[in-house]
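Please treat every number below as a calculation from the coordinates, not as lab data. Values in this document were obtained by computation on a predicted structure and should not be read as measured data. Ideal geometry is used to build each Cβ from the backbone, glycine not excepted, and the neighbour counts take in all protein chains shown.
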Amino acid sequence: MSELVSAALLERVRERLAEGAADPDPALVAAAIRAEAGGVLADTDLLRALRLLQTEMTGAGLLEPLLHDPEVSDVLVTAPDSVWVDCGRGLRRTSVRFPDEAAVRRLAQRLALAAGRRLDDAQPWVDGRLAGTEAALGNSFGVRLHAVLAPIAHGGTCLSLRVLRPATQGLDALAAAGAVPPDAKALLERIIRARLAFLVVGGTGAGKTTLLASLLATVDPAERIVCVEDAAELAPPHPHVVRLVARPANVEGAGQVTVRDLVRQALRMRPDRIVVGEVRGAEVVDLLTALNTGHDGGAGTVHANSPGEVPARLEALAALGGMPAAALHSQLAAAIQVILHVHRHPDGRRTLREIGLVTARDGRVHITPAWSADARPAPAGPALARLLDERTSDDRLA
């Protein structure tokens, strides 16, 4: 950086722009640079300062090119010189570098403001969605923002950006890619036709939403699907999908619309199937209640490392809604019939690992394997086949 275009000059310009109410367009930035420089900058220095400030103050700043890469799903900043991306094959360090910790902090605070949230020493973390990024990123539902400021983040401001790309792949495409074996594909199609309610479980980035969207695409076109999500990701290629998306509170703490609120609204919208994109809180109570009031074929996703962990995971979530464990197990046994487990391999591949049947024994729910991608036993396979036969037979009689 030249002596004229110094860090001190750029900081004075930032402070001047921060005092103004208008958005910092190029003309306003240029005027602020001239004012703070006292008119001593040559045209080349002025343009250089303008480029530096525009890069910092437009969109996601230095991270903007990473977000525009169609393969990038996550951009993570853990230090000024430590910027990482995930393109589906694990984390990879990039060559992007911030000048200092203050630059990362400024970006995090500006993005929080764009998401309508507050981020400062009194409120040192933020979780929100960046407004206006959908059109800029093309085939995307925007960007989810999470940031934690130092000293809560011990090594410096941590910034996490997730590009919410629509899950639109069909079941045929997943099968062709090897994510769903042929025998499992046929079983999944029968599960949808029989209107069995199911949960897709797996770890972060395992492909839960992708599999759920592919299954919803096979639903009868005459059925009405109402999808409730915390962040819009589901976009199944189905002709009759209604999508409801939760909304966080604004800077004043007002205007929040929770997933639980939306599940209740979905019940009044004449749904054939109710889908919760991700069950992560007390809304599990409303979802199970809905599925036990005549709404067959519902679905959702849950973070769980294996099917066997699902009952305990749902117990914890139901407790947030005031539902005791015994009631949860009773509701779960009546509402959900199938658990689909997806797994992300170290090389980035995502595959369907297991299909489990929900069974009740001694007042508690157990998940018994009905299909497995490897040679493990699947003792519930015959029981699932009988259930599918019964459901399809009932449909024919109806």
Over all directions, region 324-377 yields a Cα convex hull whose mean projected area in nm² is 4.8
Return the long-range amide H neighbours of V257 (sequence gap of 5 or more, or a different chain), with a cut-off of under 5 Å between placed amide H atoms. R247
Testing the spin-label approximation: label points 7 Å from Cα along Cα→Cβ at N250 and A79. State their distance in nm. 4.0
Computed E for T293/R93 - FRET, C-beta separation, R0 41 angstrom, nearest 0.05: 0.25
Using 0.36 nm per residue of separation minus the Cα-Cα distance, give me the extension gain between S393 and T44 in nm, one decimal. 117.8 nm
Hey, rough spin-label estimate for A325 and T359, points 7 angstrom out along Cα→Cβ, what's it come to in nanometres? 2.1
Cα-based Rg (one decimal) and Dmax (whole number) for region 206-302, in Å? 13.1, 44
Whole-percent tail of the Cα-Cα distance distribution for region 265-398, cut at 25 Å, equals 30
Just for the Cα atoms in region 60-165, what are the lengths along the principal axes, largest first, rounded to whole Å? 36, 28, 20
Could you compute how fast region 171-395 diffuses translationally, taking Rh as the Kirkwood radius over C-alpha pairs and applying Stokes-Einstein at 20 °C with viscosity 1.002 mPa s? Give it in µm² per second. 121
